[in-house]
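Below: one structure, written as structure tokens.
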Amino acid sequence: MNRVSPFFVGLLFGIGLCLSGMTNPSKVLAFLDLGGAWDPSLAFVMGGAIAIAFVAFRIAARRAASLSGEPFHWPTARAIDARLIGGSLLFGVGWGLVGLCPGPAIADIGFLDGRAALFVLAMAAGMALYSGFAAVPSTPGAEVALDG
Amino acid sequence: MTIDWTHFTPVSAFAGGLLIGLAAAWLILEDGRILGASGLLGGLIPPRAGDWPWRASALAGLIAAPLVARFLFEPAAPSIEATAATLVAGGLLVGFGTRLANGCTSGHGVCGLARLSPRSLAATATFMGAGFLTVFLVRHVL
């Protein structure tokens, strides 16, 4: 698979996160604080992103393969189960404690922010813990099932 | 509910959102992949032969973004109030939780909702609800 194109995807994603305010935890916490002085700005991030992505996914759904020839890796999981809800609950609590979700946390390393780096290290440790916890025999191509 | 109009930035938030959407559009149309930050990093733990280079490349672009953004506009430096212990606890929860749920704000919240996935809608409603509740408890109850 192409190794250059994803760099620019990451770059564009990160510039969007910086422009939107998502990379600033105090802004994120102000969005999540319905009981205080609420800053609804970040709802507009999701609106803008979904508007573009919605069109792109409609176009992709009608194509046999991506432009690079790589097949589409569509998520295959459908179940709304305890893993999905439990994992999202844990994630939401961590997000609410710090104000960082994975994309902005990784981008914040680029601000040379040591606290963001510490958060990302802990996040990677949490992922490694999961990999150990889910050390069931993995099947080739199992990543196809991931949602993102 | 009081709205904080002084910090309300709908235009830059929406414009940033458009760029995030464009990044997701690019990755699916050009490379056939769903954009998700937790999946990008989680797919490297452990790394798999043939699969890790594109993930590392995308993560490098993400980390380079604040440096490049400085040439385009003045990005707000992150202001992180959490203590080191909270950062570690929060990071562990976010890392473990997003892998268990197979996605985060980008994979479920943007791409999943844009694909009209009921699974992603359930995930997004759950992590946003948990986020709202956590901030409420931390700031107004505890």
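The values are calculated or read from the model by the stated rules, or taken from the named source; none is laboratory data. What you are looking at is a predicted structure, and each value in this text was computed from that prediction instead of being measured. Note that we place each Cβ from the backbone using ideal geometry, even for glycine, and neighbour counts take in every protein chain shown. Quick note on the areas: whole protein, heavy atoms, side chains included, nothing else; ligands and nucleic acids left out. Shrake-Rupley method; radii C 1.70, N 1.55, O 1.52, S 1.80 Å.
Counting only protein heavy atoms and rolling a 1.4 Å probe, how much accessible area do B and A lose on contact, total for both sides, in Å² to 100?
Details: alone 11160 and 11230 Å², together 11770 Å².
Chains B and A together bury roughly 10600 Å² of accessible area.
In Å, what Kirkwood hydrodynamic radius results for chain A from the alpha-carbon pair distances? Display every interim value, and only then the final one.
Values: mean 1/r = 0.0560 Å⁻¹.
For chain A, inverting the mean 1/r across all distinct Cα pairs yields 17.9 Å.
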Checklist entry - What does the accessible area of A:Arg58 come to, in Å² to the nearest 10, when a probe of 1.4 Å is used? => result 130
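Does the protein assembly as shown come out rounded, prolate or oblate by the C-alpha gyration tensor, with a ≥ b ≥ c the root eigenvalues, rounded set by a/c under 1.5 and, if not, prolate when a/b is larger than b/c and oblate if not? Mind dumping the intermediate values first?
On the way: a/c = 1.45, a/b = 1.25, b/c = 1.16.
The shape class here is rounded.
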Checklist outcome for this item: Classified through the alpha carbon gyration tensor (a ≥ b ≥ c as square roots of its eigenvalues; rounded if a/c is under 1.5, else prolate when a/b is larger than b/c, else oblate), region B:84-142 comes out oblate
Checklist entry - Once label points are set 7 Å from the Cα along Cα→Cβ at both B:Leu142 and A:Ala134, what is their separation, rounded to one decimal in nm? => result 2.7
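Let me have the 222 nm mean residue ellipticity of chain A computed from DSSP H runs of 4+ only, each contributing -39500 (n - 2.57), with the sum over all residues rounded to the nearest 500.
On the way: 6 runs with 88 residues, N = 148.
After summing the helix terms and dividing by residue count, I get -19500 deg cm²/dmol.
Protein chains only, probe 1.4 Å: how do B:Phe8, A:Phe13 rank by accessible area, largest first?
My answer, sorted largest first, is B:Phe8, A:Phe13.
Classify region B:13-87 as rounded, prolate or oblate from the Cα gyration tensor: take a ≥ b ≥ c as the square roots of its eigenvalues, call it rounded if a/c is under 1.5, otherwise prolate when a/b beats b/c and oblate if not. Could you put the intermediate results ahead of the total?
Details: a/c = 2.04, a/b = 1.20, b/c = 1.70.
Oblate is the answer for region B:13-87, as a/c is 1.5 or above yet b/c matches or exceeds a/b.
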Item to check | Pair B:Leu44, B:Ser79: separation of 7 Å Cα→Cβ label points (nm) | outcome: 3.0
Checklist entry - Roughly how many Å² of A:Leu11 are accessible to a 1.4 Å probe, to the nearest 10? => result 20
Checklist outcome for this item: Reported to the nearest 10 Å², B:His7 has, with a 1.4 Å probe, an accessible area equal to 110
Checklist entry - Label point 7 Å out from A:Arg62 along Cα-to-Cβ: which residues of region B:18-34 have amide N under 20 Å? => result B:22, B:24-33
Checklist outcome for this item: A 1.4 Å probe over the protein heavy atoms gives chain B a carbon and sulfur accessible-area percentage of 74
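How many Å² of accessible area per residue for the protein assembly as shown, probe 1.4 Å? Mind dumping the intermediate values first?
Values: 11770 Å² over 290 residues.
With all protein chains present, the protein assembly as shown gives 41 Å² per residue.
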